[in-house]
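The values are calculated or read from the model by the stated rules, or taken from the named source; none is laboratory data. These numbers were taken from a predicted model, which means no experiment stands behind them. As a convention, Cβ positions derive from the backbone with ideal geometry for all residues, glycine included, and neighbour counts pool all protein chains shown. For accessibility, only protein heavy atoms count, side chains too; no ligands or nucleic acids. Shrake-Rupley method; radii C 1.70, N 1.55, O 1.52, S 1.80 Å.
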Amino acid sequence: MGRIFRVFLSGALALLPIMVTILVTAWLGSLVATYAGPGSFLGNLITHLGLNLSGSSHVAYFIGLGIILGLIFLLGLAVESGLRNWISNSFDWFMMRIPLVSNVYDISKRFVAMMDRGDDEDSLKGMSPVWCFYGGEGSAATLALMPSHEPVVIGERTYVPVLVPFAPVPFGGALVYVPEEWVKPADGGVERLVNVYLSMGVTPPKGIPPEGVILDGETAEAAAGAAKAAQPKRPAKTKAQDESKA
């Protein structure tokens with residue numbers, strides 16, 4: 001009996017990722033159908049858009065949906081052709097003048113800018129994944145985001161901002177200012193961090209290799225560059241010091 005249960009459990013665990021994928025996809029589909037499908041408020045607007053071309057409400061809905069998708073594609077072409085800044089500034093000018101809505105727009109824009117991995121590396125807006133060690137290196141660690149590299153001096157210590165996301169939906173979190181020496185850069189980029197939190201730790205983050213470990217390729221080059229940048233600069237010798245030594 002125990003063997004039958006183990007075999008059944010093994011089969012259930014093998015099917016679990018597929019079932020979760022199907023359930024999440026179905027949930028997202030029902031959510032879209034509820035808010036943008038035929039009969040919804042947004043769906044009625046889409047239907048009215050296509051009513052001039054067809055008398056059937058269902059056909060008009062799909063015609064209106066096609067028109068909207070075509071407009072989005074044209075907008076993408078305009079963005080790719082070099083009008084990105086002009087379009088973004090126009091949207092900002094309009095949305096930031098609407099009370100309350102401007103706050104939601106600002107938050108969503110920052111999140112999209114963080115996730116946008118276009119040709120420009122600056123699209124991350126300085127947001128970078130880091131390891132935050134609570135109490136210093138060797139203590140409990142959290143994979144977090146550093147929204148800004150600008151330190152804040154509190155008393156006699158220097159602090160940096162760290163955003164600790166929520167799991168499994170990393171679209172919010174706690175903003176904490178921690179001592180600068182508690183923070184170390186994390187490999188993998190923002191995409192990797194989001195995958196770690198979405199999977200609730202099932203997808204492991206990239207660790208920090210111990211000192212003395214030989215790295216390959218780009219990782220070794222990046223580590224060498226970081227180590228070189230971390231070395232303190234020696235003050236230049238003055239002429240008086242050279243004469244005193246002579």
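Here are the numbers:
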read-out	value
Lone qualifier among I107, I46, I67 - being modelled with pLDDT of 85 or more and part of a helix (DSSP H, G or I)	I67
Scope region 149-201; condition part of a strand (DSSP E or B) and touching a Lys or Arg at 6+ places or on another chain (Cβ under 7 Å); matching residues	P179
Close pairs from region 138-165: first in contact (Cβ under 8 Å) with a residue 12 or more places away in the chain, partner open to solvent by 30 Å² or more (accessible area, probe 1.4 Å) and among the charged types (D, E, K, R), Cβ under 7 Å, at least 6 apart	P151/E180; T158/E180; Y159/E180; V160/E180
So G37, is it surrounded by 14 or more Cβ atoms within 10 Å (Cβ to Cβ), in contact with a Gly (Cβ under 9 Å, 6 or more places away or on another chain), over 30 Å from R84 (Cβ atoms) and without any contact (Cβ under 8 Å) to a residue 12 or more places away in the chain	yes
Options G37, G2, G43; residue that is over 27 Å from the mean Cα position of the chain (by Cα) and within 30 Å of V202 (Cα to Cα)	G2
Unmet criterion (only one of (1) over 27 Å from S199 (Cα atoms); (2) open to solvent by less than 90 Å² (accessible area, probe 1.4 Å)) for H58	(2)
In region 135-148, residue modelled with the highest pLDDT [restricted to those that are part of a loop (DSSP other than H, G, I, E, B) and closer than 22 Å to V194 by Cβ]	A140
Residues located in region 151-167, provided they are loosely packed, with under 12 Cβ neighbours inside 10 Å and at pLDDT below 85	F166
Residue in region 123-134 that is farthest from Y197 (Cα to Cα), counting only those that are open to solvent by less than 60 Å² (accessible area, probe 1.4 Å) and at pLDDT 85 or above	F133
Some residue of region 46-54 being open to solvent by 100 Å² or more (accessible area, probe 1.4 Å) and among the aliphatic types (A, V, I, L, M)	yes
Filter result for P179 (modelled with pLDDT of 80 or more, in contact with a Leu (Cβ under 8 Å, 6 or more places away or on another chain) and more than 21 Å from S108 (Cα to Cα))	no
Test result for S88, modelled with pLDDT under 85, small (G, A, S), over 30 Å from I46 (Cα atoms) and under 21 Å from the mean Cα position of the chain (by Cα)	no
Exclusive hit being in a helix (DSSP H, G or I) and surrounded by 13 or more Cβ atoms within 10 Å (Cβ to Cβ), set S30, S81, S10, S102	S102
